[in-house]
Amino acid sequence: MPSTPMQAARRRLSSTAGQSAITIWVVVLLMSGQGFRYLVGLPMYGAMCALTVVTVVVAFRTTWRDLRPPLLVGAFVGLAALSILWSATRAITLLAVVVMLVTTYIAIVTARGTSATEFMVRLYRGLQISLALGIIFEIVVASLFLGQIGPFMPDLVNIAGEGSGLKEVVWSDGVLFQGGPIQGFVGNRNPFGAIALFLVIVTFVLMLERRIGRTEGWVSIGAAAGVHLLTQSATVTASAAYLVAIAVGAIVIRRVPLRTKRVLSFTILAFSAVAAVLTLKYSQGIFALLGRDSDLTSRTEIWEDVIAFAQQRPDGWGFVGYWPIWQYPYSEIGTEVKWVRPTHAHNAFLDVWLQLGLIGLVLLVAMLVLLFGSAWRLVERAGKGDTFIPLGWALLTVALSLQALTESRLLVEGGWFLLVALYCMGPPVFRLTIVDPEMVHSGVRRKDRRMAGTITEFTGIDHVLLTIPVGGEEQARRFYGEVLGMVEVPRPDTIRHPDACWFEAGDVVLHLVPDDRFEPIRTGHPAIVVEDLGAIEAALNDAGHATERSDHSLPGIRRFHTTDVFGNSLEFQQA
């Protein structure tokens with residue numbers, strides 16, 4: 001029976017190509033949301049978002065288990081939802097929470113719906129388009145001599161009122177050919193510069209992973225660097241300096257012996273902390289060097305007002321995302337700012353303190369610190385041949401954290417989407433002392449590497465049974481027990497193989513059963529994962545058993561093949 005057009009459309013959306021295109025569009029929409037609102041207005045923008053959500057639901061078929069958010073992300077969203085109860089602006093808070101829930105859902109399903117590397121590729125394409133969109137927009141405005149232009153749709157001014165200051169919002173100054181500063185399609189030079197910075201990070205990592213060509217990669221980096229220079233964003237300049245230092249340190253860590261990695265890693269982090277303290281202490285001189293006022297373009301005035309209001313309500317004024325500046329207390333914040341009325345605190349940490357109180361602030365700081373720490377643990381364990389994806393996670397987390405010092409976009413749209421996606425891809429943040437070797441080598445948790453079954457979930461293999469010749473029990477004990485170091489365990493009395501030998505080590509269970517028609521297995525074999533491949537190989541060689549290396553056949557996997565004393569083929573891997 002031929003499929004209907006609706007069924008065919010669903011198949012196209014749920015295909016790999018369809019999911020990739022949808023994820024790329026999501027990145028563009030969330031990173032450049034302000035530009036779309038300026039272009040088509042809030043009603044049409046809302047319709048675009050609703051259609052995008054429906055498309056994501058159709059394309060990414062997920063189970064309730066797949067939708068479980070990481071613990072800290074769930075706690076933060078839950079606190080935002082609870083703040084409806086005490087919010088000073090309940091209707092706005094309700095709307096903001098719905099938007100956050102939807103953004104969180106999209107981040108979870110798009111990040112978990114593919115591999116970490118493939119998500120990075122899709123993020124790269126979305127950032128590429130976002131950057132190109134901004135460049136084309138500025139070229140059009142400058143080429144047509146439009147001069148300074150504001151948003152095409154005035155609905156934001158209509159909602160906020162004539163006295164809100166939004167009437168003076170500038171979408172573009174049209175000064176691209178004069179050397180900037182440019183604001184891009186997003187309509188703000190700091191977020192546009194941040195898009196360029198994120199693109200450089202992802203491009204750098206994918207070039208190291210050899211997922212994109214060098215020519216394409218360098219063109220993307222060159223375009224992003226040019227945009228950064230034209231935005232003249234001091235925030236992005238300072239962030240880039242820190243990120244370059246961390247990236248260089250991470251590359252060096254990969255090349256030193258294992259015993260030196262931890263010391264070098266601690267040294268790099270210590271110097272980074274000292275540099276941050278010195279930056280704060282000598283901020284006036286640094287800002288002057290970068291051509292910015294010491295008050296960070298009136299941000300300190302905004303911060304003083306935010307702190308004053310945050311101290312009035314320890315539980316916060318209720319989550320709102322972007323401020324409804326026509327309602328109290330947001331109508332009273334930043335009233336002395338000369339350029340335009342602020343719609344956020346220009347500092348995500350102060351903003352979350354204002355909206356969700358000290359508990360929200362602690363949760364946000366914990367999310368960023370633990371996310372970076374868990375990713376960095378993988379970076380400091382990495383060596384030659386291992387994936388660079390965890391380095392991308394660490395650098396993106398640092399970039400988001402530094403941007404959060406002068407912008408509040410970490411709490412909304414593209415910033416929140418990227419933070420949640422990083423949490424879903426990275427290692428569990430509460431297991432800083434347990435490093436998954438699989439993630440070090442390939443960037444994928446071993447338990448996430450397999451596809452779910454179509455009937456039920458397959459959770460593991462209880463044991464592997466190998467046959468041995470009749471009377472070969474003692475030889476088996478010497479090989480598996482003495483050479484390999486596995487532990488023989490007693491068999492249940494009910495087992496129907498009374499002469500069988502059972503061995504265990506870690507999660508590996510082998511049952512060796514005598515068979516009077518025994519023939520050694522040459523092709524089929526168990527692949528046993530160990531923590532120290534070299535130690536097992538040395539033990540086998542010392543006992544006179546040959547081993548054959550095949551490290552390069554599976555990227556990121558070190559392994560060798562051998563045979564047991566009976567000729568059964570065995571494979572050992574270090575994941």
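Checked against (1) open to solvent by less than 30 Å² (accessible area, probe 1.4 Å); (2) of a type outside the set (Lys, Arg); (3) modelled with pLDDT of 90 or more, Val157 passes all but a single condition, namely (3). State whether the residues of segment 60-67 include one that is under 16 Å from Val99 (Cβ atoms) and not β-branched (Val, Ile, Thr). Looking for residues that are under 16 Å from Val99 (Cβ atoms) and not β-branched (Val, Ile, Thr), one finds none in segment 60-67, hence no. Considering every residue within segment 125-134, establish whether at least one is outside any loop (DSSP other than H, G, I, E, B), of a type in the set (A, V, I, L, M), open to solvent by less than 20 Å² (accessible area, probe 1.4 Å) and closer than 20 Å to Gly415 by Cα. Yes, segment 125-134 has at least one match.
For segment 199-235, the candidate set comprises residues that are outside any helix (DSSP H, G or I) and more than 20 Å from Ser401 (Cβ to Cβ); within that set, the residue that is least open to solvent (accessible area, probe 1.4 Å) is Ile212.
Consider segment 76-87 and keep the residues that are among the small types (Gly, Ala, Ser) and buried (at least 19 other Cβ atoms within 10 Å of the Cβ). The one that is farthest from Leu411 (Cα to Cα) is Ser87.
When the residues of segment 382-403 are filtered to those that are among the small types (Gly, Ala, Ser) and either under 12 Å from Arg254 (Cα atoms) or touching a residue at least 60 places away in the same chain (Cβ under 8 Å) (or both), which remaining residue is most open to solvent (accessible area, probe 1.4 Å)?
That would be Gly385.
Leu51 satisfies every condition listed in (1) aliphatic (A, V, I, L, M); (2) closer than 30 Å to Pro324 by Cβ; (3) open to solvent by less than 60 Å² (accessible area, probe 1.4 Å) except (3).
The values are calculated or read from the model by the stated rules, or taken from the named source; none is laboratory data. Because the structure is predicted, anything quoted here is derived from the model rather than measured. All Cβ positions, glycine included, derive from the backbone under ideal geometry; neighbour counts span all protein chains shown. Note: areas computed on protein heavy atoms with side chains; ligands, DNA, RNA excluded. Shrake-Rupley method; radii C 1.70, N 1.55, O 1.52, S 1.80 Å.
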